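Here the structure is laid out as structure tokens; the discussion comes afterwards.
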Amino acid sequence: MLFPRRRDRAAFGGWAAVFVSLGALLGMAFLPSPFVVEQPGPTFDTLGETDAGPLITVPADLDHPDTEGSLTLLTVSIAGNPQRPLTWVDVAGAFLDPADEILPMDLVYAPTETIEQSNEAGRIEMESSQAAAIAAALLHEGYEIDAEVTIADVLADSPADGVLEEGDRILSVNGDPAYDVSSIRESIAAVDGASTFDIERDGQPMTVTVEPIESQGQRLVGIVPQNAFTFPIDVSIELPNVGGPSAGMMFALGIVDRLTEGSLTGGVEWAGTGTISATGDVGPIGGIEQKMHGALAAGAEWFLAPVENCGEVVGNVPDGLHVVAVDTLDDAMTAIETVASGGDTSALPTCTAG
């Protein structure tokens, strides 16, 4: 019988070890990872249409559809979730695209939150954002509105579970009147420690205390508040299958454009992002780097960014995109009108380091 020489046996053993290691690595590569990937999502011109029809509709006798340019809202897509996690191969691929960002899954999905709950919360946030945008636009145009905030849902095992209930009307938080969802978030964020809620439940006034938790840099109590306004005219926004509050400012700008004569943009392609309060304050959002890439891909020349997101904007602006930092709806209007009229754009506020 012939036997391999010792050197041949050693070489065979070495190659076997290599193949075993490669096989193990390949197997690990397809194991689930604890990460998700943020990517630029679909974009929508608030002055245009979707498959469902006009994105914004105002009464025909008040409508001024003679508009040019664009006021594009931006979205972020999340790849991966607790029920369908990404593999390590998927995560590695995201390193190759500068428009993608890899995040720990628990920064996006709360430990006790199901995908269905997350989607439902996003839907309610979108509805509240649309209502606040309508309110902000109508107030800007001189209309009067009535407003209140109710609780649409309380997350299980959250700080508010067993303290606040679905259907509660929030009157004030930490002594600040609860005019809309944004004002509630600001009141919670402004106080260290527990927050005091003055509410109305089944017609009876009550005062309760909730200790927030920290998550994704925010102080959260585990409720999904919802705006409820009474408007003097009928304004509707149709954008199916998109959730979250970050399109509020762009909705408001689109409504103002439809209610005023002429073209607000003067034919310029704008995109932007930011929450909106009923009183016109613009708030921060997530995924602004991905949204800037999405804006450029959609053909935007100018981009409206919330002042509070400037730390994420600096150093990450794609070539060819001009960013203006805004704090209010009025700031956004001023920027758009300045560019449209050929004014001094160098005087417009932008995001700077430090």
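Table for the structure above
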{"quantity": "Selected residue [small (G, A, S), surrounded by fewer than 21 Cβ atoms within 10 Å (Cβ to Cβ) and farther than 20 Å from P98 by Cα] from S263, S277", "calculated": "S263"}
{"quantity": "Residues being surrounded by fewer than 14 Cβ atoms within 10 Å (Cβ to Cβ) and either of a type in the set (D, E, K, R) or farther than 23 Å from F251 by Cα (or both) - total across the range 331-354", "calculated": "10"}
{"quantity": "Pairs, first without any contact (Cβ under 8 Å) to a residue 12 or more places away in the chain and of a type outside the set (K, R) in the range 325-354, second part of a helix (DSSP H, G or I) and surrounded by 13 or more Cβ atoms within 10 Å (Cβ to Cβ), C-beta under 9 Å, six or more apart", "calculated": "T338/T345; G343/E337; D344/T338; A347/T338"}
{"quantity": "Near pairs, Cβ below 8 angstrom, 6+ apart or cross-chain, from the range 53-71 (in the same structural domain as V256 (by TED's automatic domain parsing) and over 17 Å from E269 (Cβ atoms)) to any residue that is outside any loop (DSSP other than H, G, I, E, B) and among the small types (G, A, S)", "calculated": "I56/S236; I56/G254; T57/S236"}
{"quantity": "Residue match in the range 103-121 (condition: of a type outside the set (F, W, Y), at pLDDT 80 or above and not in a helix (DSSP H, G or I))", "calculated": "yes"}
{"quantity": "Any hit, the range 106-125, residues being under 30 Å from I255 (Cβ atoms) and touching a helix residue (DSSP H, G or I) at 6+ places or on another chain (Cβ under 6 Å)", "calculated": "no"}
{"quantity": "Index of the failed condition, E238 passing every other in (1) of a type outside the set (A, V, I, L, M, F, W, C); (2) surrounded by fewer than 15 Cβ atoms within 10 Å (Cβ to Cβ); (3) outside the structural domain of L138 (by TED's automatic domain parsing); (4) touching a Pro at 6+ places or on another chain (Cβ under 9 Å)", "calculated": "(3)"}
{"quantity": "Residue match in the range 199-212 (condition: buried (at least 16 other Cβ atoms within 10 Å of the Cβ) and assigned to a loop (DSSP other than H, G, I, E, B))", "calculated": "yes"}
{"quantity": "Subset of the range 158-174 (residues that are farther than 15 Å from R185 by Cα, surrounded by fewer than 17 Cβ atoms within 10 Å (Cβ to Cβ) and either touching a residue at least 60 places away in the same chain (Cβ under 8 Å) or of a type in the set (A, V, I, L, M) (or both))", "calculated": "D161"}
{"quantity": "Set I233, I223: member being β-branched (V, I, T) and modelled with pLDDT under 95", "calculated": "I223"}
{"quantity": "Residues that are under 14 Å from T150 (Cβ atoms), of a type in the set (A, V, I, L, M) and either assigned by TED's automatic domain parsing to the domain that holds L138 or modelled with pLDDT of 90 or more (or both), drawn from the range 179-205", "calculated": "I184, I199"}
{"quantity": "Residue that is modelled with the highest pLDDT [pool: residues in the range 73-102 that are assigned to a strand (DSSP E or B) and polar (S, T, N, Q)]", "calculated": "T75"}
{"quantity": "Elements of type helices (runs of 4 or more DSSP H) contained in the range 239-332, each with 3 or more residues being at pLDDT 95 or above and more than 18 Å from the chain's Cα centre (by Cα)", "calculated": "248-259"}
{"quantity": "Candidates G294, G311, filtered to the one that is over 27 Å from Q226 (Cβ atoms) and either aliphatic (A, V, I, L, M) or without any contact (Cβ under 8 Å) to a residue 60 or more places away in the chain (or both)", "calculated": "G311"}
{"quantity": "Neighbours by Cβ (under 9 Å, 6+ apart or cross-chain): first from the range 80-99, under 13 Å from Q39 (Cα atoms) and touching a residue at least 60 places away in the same chain (Cβ under 8 Å); second hydrophobic (A, V, I, L, M, F, W, C) and part of a helix (DSSP H, G or I)", "calculated": "A99/M292; A99/A297"}
{"quantity": "Complete set of residues in the range 186-198 that are of a type in the set (D, E) and not in a strand (DSSP E or B)", "calculated": "E186, D192"}
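Conditions tested, residue by residue: (1) under 27 Å from E301 (Cα atoms); (2) touching a Lys or Arg at 6+ places or on another chain (Cβ under 6 Å); (3) at pLDDT 60 or above.
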| residue | (1), (2), (3) |
| --- | --- |
| P4 | no, no, no |
| A10 | no, no, no |
| A17 | no, no, no |
| S21 | no, no, no |
| Q39 | yes, no, yes |
| L55 | yes, no, yes |
| L62 | no, no, yes |
| P65 | yes, no, yes |
| L71 | yes, no, yes |
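The values are calculated or read from the model by the stated rules, or taken from the named source; none is laboratory data. Bear in mind the structure is a predicted one, so any value in this text is a computation, not a measurement. FYI the Cβ positions are ideal-geometry reconstructions off the backbone, even for glycines, and counts take in every protein chain you see.
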